[in-house]
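The values are calculated or read from the model by the stated rules, or taken from the named source; none is laboratory data. Remember, predicted model here, so these are calculated numbers, not experimental data. Note: ideal-geometry Cβ built from the backbone for every residue, glycine included; neighbour counts use all protein chains shown. Heads up: the accessible areas ignore ligands, DNA and RNA and are worked out on the full protein's heavy atoms, side chains in. Shrake-Rupley method; radii C 1.70, N 1.55, O 1.52, S 1.80 Å.
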Amino acid sequence: AQNGAETRLFRNVRGVPGLRVRLAGPPGNPHGIGARVNLVLAGGAGDGPVREIAAGSGYWSVDGAVQVLGGAALAEAVRVRWPGGRETSVPIPEGAIEVTVRYGSEQSR
């Protein structure tokens with residue numbers, strides 16, 4: 001929107017879509033509020049930036065439960081550190097646009 005002028009729409013023609021990460025948390029916390037999510041970079045290059053899942057950050061606000069992480073083309077897995085300290089690591093399938101990480105999955109440690 002513009003103040004005092006017609007609405008304009010811009011299209012990002014060079015944008016690279018990120019990887020959507022959806023958490024399926026434990027009973028009582030289905031969206032994984034408080035969990036920390038990051039990408040594990042391929043070839044042992046380390047970890048990508050960390051995102052923390054929050055319920056809201058201000059008066060009457062609600063944050064989205066699905067995180068979009070950029071740089072997924074350089075990553076091999078998604079790591080989640082759940083509230084309480086349990087970690088889950090899930091490989092990213094080639095060509096994936098969304099990954100769901102479940103609390104208590106077999107990749108947990």
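Before moving on, here are some points about what is shown:
- All positions within the stretch 25-44 that are without any contact (Cβ under 8 Å) to a residue 24 or more places away in the chain, on the phi > 0 side of the Ramachandran plot and assigned to a loop (DSSP other than H, G, I, E, B): Gly28
Condition check ((1) open to solvent by less than 60 Å² (accessible area, probe 1.4 Å); (2) out of contact with any strand residue (DSSP E or B) (no Cβ under 6 Å at 6 or more places or on another chain); (3) among the aromatic types (Phe, Trp, Tyr)) across all residues:
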| site | (1), (2), (3) |
| --- | --- |
| Leu9 | no, yes, no |
| Arg22 | no, no, no |
| Gly28 | no, yes, no |
| Asn38 | yes, no, no |
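- For the stretch 45-109, no strands (runs of 3 or more DSSP E) sit wholly inside it while including 1 or more residues that are open to solvent by less than 60 Å² (accessible area, probe 1.4 Å), under 17 Å from Ala24 (Cβ atoms) and aromatic (Phe, Trp, Tyr).
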